[in-house]
Amino acid sequence: MNSTIQKKMIWMIILMMMLVLISNLTLALGVRPAKTEINSEETKLYKGTIWVVNNDYQEITIVLGPGGEMGQYIKLSSQEIIFRKDVDAVPVDFSIELPEQMPPGDVSAYILVEERNSLLSDDGNVGAKISLKHKVIIHGGFPEKYLTTKLNFHESGDQIRLVSEVENLGK
């Protein structure tokens, strides 16, 4: 066998073993609900709650933070959660104060829910941590005149057709 193929196979086996070893960690943390949708024409201040779930009743520390295109407008009630073994879920309140001028269409943000990693060290050990995102989709309004376009190519034998689609999203 070629030595490069052998090396690739060894790395594949190592990666598979690592996935098996950390697979029990992937079920330990969750976020409910998975996403929040906001209509910016109906509200400029949204208040909501997500639940961070500790399915395996582990003692872990969770770090929370906003991110994404509109992440700067998200305010969290807490940036850290410390789970004890007897706690299965903790609510986290958040608010989003949208700017007066919103871009047209959908924009997004997220709340990052991440395990504080105590497994990484300077001694060469490999560790893993769980990172989840609660997605926030903000539906912006459209101005009176607003078009979107799409270009598609359709190949049929020796012929290529160019198809242009125009959609009016304005009022």
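The values are calculated or read from the model by the stated rules, or taken from the named source; none is laboratory data. Since this is a predicted model, take the numbers as computed values, not measurements. All Cβ positions, even for glycine, are placed from backbone atoms using ideal geometry, and neighbour counts span all protein chains on display. Accessible surface is based on the protein model in full, side chains and every heavy atom, while ligands, DNA and RNA are left aside. Shrake-Rupley method; radii C 1.70, N 1.55, O 1.52, S 1.80 Å.
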Checklist outcome for this item: About its Cα centre, the chain carries a charge dipole, from +1 on Lys and Arg Cβ atoms and -1 on Asp and Glu Cβ atoms, whose size in debye to the nearest 20 is 260
Checklist entry - So how exposed is Tyr46, as accessible area in Å² (1.4 Å probe, rounded to 10)? => result 70
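Would you compute, from DSSP H runs of 4+ residues alone, the mean residue ellipticity of the chain at 222 nm, taking -39500 (n - 2.57) per run and dividing by the full residue count, rounded to the nearest 500?
Values: 1 runs with 20 residues, N = 171.
Taken over the chain, the calculation gives -4000 deg cm²/dmol.
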Item to check | Among (i) 44, 18, 12; (ii) 38, 32, 12; (iii) 25, 19, 15, the entry derived from the coordinates for semi-axes √(5λ) of the Cα gyration tensor in Å | outcome: (ii)
Next on the checklist: Given an 8 Å cut-off on Cα distances and at least 6 residues of separation, report the relative contact order of segment 52-171 as a percent.
Outcome noted: 22
Item to check | Longest segment of the chain lacking GluC sites (Glu not before Pro) that sit in a DSSP loop with at most 16 other Cβ atoms within 10 Å | outcome: 101-143
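Quick check for you: with a 1.4 Å probe and neighbouring chains kept, what is the accessible area per residue of the chain, in Å²? Intermediate results must be reported in sequence, preceding the final value.
Numbers: 12090 Å² over 171 residues.
Here the residues of the chain average 71 Å² of exposed surface.
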Item to check | Carbon plus sulfur fraction of accessible area for the chain, probe 1.4 Å, in percent | outcome: 54
Checklist outcome for this item: For Leu112, the accessible surface traced by a 1.4 Å probe with all protein chains present amounts, in square angstrom to the nearest 10, to 50
Next on the checklist: Placing +1 on the Cβ of each Lys and Arg and -1 on the Cβ of each Asp and Glu in segment 60-116, which of Ala89, Leu112, Thr61 has its Cα farthest towards the positive end of the resulting dipole?
Outcome noted: Thr61
Checklist outcome for this item: Under 5 Å from the placed amide H of Tyr146, counting only residues 5+ away or on other chains, we find Leu169, Gly170, Lys171
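Report the trypsin sites (Lys or Arg not before Pro) located in segment 129-165 that are in a DSSP loop and have at most 14 other Cβ atoms inside 10 Å of their Cβ, or state none.
Working: sites: Lys129, Lys133, Lys135, Lys145, Lys150, Arg161; in loops: Lys129, Lys145.
Filter output for segment 129-165: Lys145.
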